[in-house]
1. Output yes when any residue across the range 61-68 is surrounded by 12 or more Cβ atoms within 10 Å (Cβ to Cβ) and closer than 18 Å to residue 114 by Cβ, and no when none is.
2. Go through 93, 98, 107 for me and flag whichever is in contact (Cβ under 8 Å) with a residue 24 or more places away in the chain, over 16 Å from the mean Cα position of the chain (by Cα), within 22 Å of residue 27 (Cα to Cα) and surrounded by 15 or more Cβ atoms within 10 Å (Cβ to Cβ).
3. Is it true that some residue in the range 95-102 is in contact with a helix residue (DSSP H, G or I) (Cβ under 6 Å, 6 or more places away or on another chain), part of a helix (DSSP H, G or I) and within 19 Å of residue 49 (Cβ to Cβ)?
4. Any idea which of 86, 74 is buried (at least 18 other Cβ atoms within 10 Å of the Cβ) and more than 30 Å from residue 192 (Cβ to Cβ)?
5. I need the full set of residues from the range 45-71 which are at pLDDT 90 or above and over 12 Å from residue 105 (Cβ atoms), in order please.
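The values are calculated or read from the model by the stated rules, or taken from the named source; none is laboratory data. Values in this document were obtained by computation on a predicted structure and should not be read as measured data. Virtual Cβ from ideal backbone geometry, glycine too; neighbours counted across all protein chains shown.
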């Protein structure tokens, strides 16, 4: 397994993943399929087992996407003689959304996969800097998100069935939170990394601006 983007600060890698996730939503079908296929191949080469585990957890969501789009989007029936047939347009739209989801997960594994919790927390702490401008303690916000990720990963690593997972999610909160050892203070951004952070940040802001307005 190679160490991708070892030179980059975790905040840069998180922003690049967000940029890729937004960019996939705008791609036309042909370049979308090509980009996602390449991303899947690179992510599988980097850490095939981690990617396989991530994709296995997506099966139910992918099936739900195809069901919702296939039977929810109006269009020409796939089997005209059957009243409960999905539509061709719905299956096409659902397939594109499924491809986009696969690309997002593959990019997540490629950019953030294998990142230590300390580095992930350092990235979230750096990206939460604007919260301090409005009086919110960014340390608390980043720590809560880090604890949520640790707890969710611990649940998924148990390989329990969905019934056991649902019981644990709906059970009363435990008094003892999951253990989380973090380095404090987090790794700071170097001047070069601060400059490198501006490019994906500006690109992400421009994408969100175009989408919303």
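1. So far as the range 61-68 goes, no, none of its residues is surrounded by 12 or more Cβ atoms within 10 Å (Cβ to Cβ) and closer than 18 Å to residue 114 by Cβ.
2. It is 93.
3. Yes, some residue in the range 95-102 is in contact with a helix residue (DSSP H, G or I) (Cβ under 6 Å, 6 or more places away or on another chain), part of a helix (DSSP H, G or I) and within 19 Å of residue 49 (Cβ to Cβ).
4. On the way: 74 fails: buried (at least 18 other Cβ atoms within 10 Å of the Cβ).
None of the others qualify; the one that does is 86.
5. At the first step, the residues of the range 45-71 found to be at pLDDT 90 or above are 45, 62-71.
Of everything in the range 45-71, those that are at pLDDT 90 or above and over 12 Å from residue 105 (Cβ atoms) turn out to be 45, 63, 64, 65, 66, 67, 68, 69, 70, 71.
Residues are listed down the side, and each one gets a yes or a no for (1) touching a helix residue (DSSP H, G or I) at 6+ places or on another chain (Cβ under 8 Å); (2) outside the structural domain of residue 147 (by TED's automatic domain parsing); (3) part of a loop (DSSP other than H, G, I, E, B):
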| position | (1), (2), (3) |
| --- | --- |
| 37 | no, yes, no |
| 59 | no, yes, no |
| 70 | yes, yes, no |
| 80 | no, yes, yes |
| 107 | yes, yes, no |
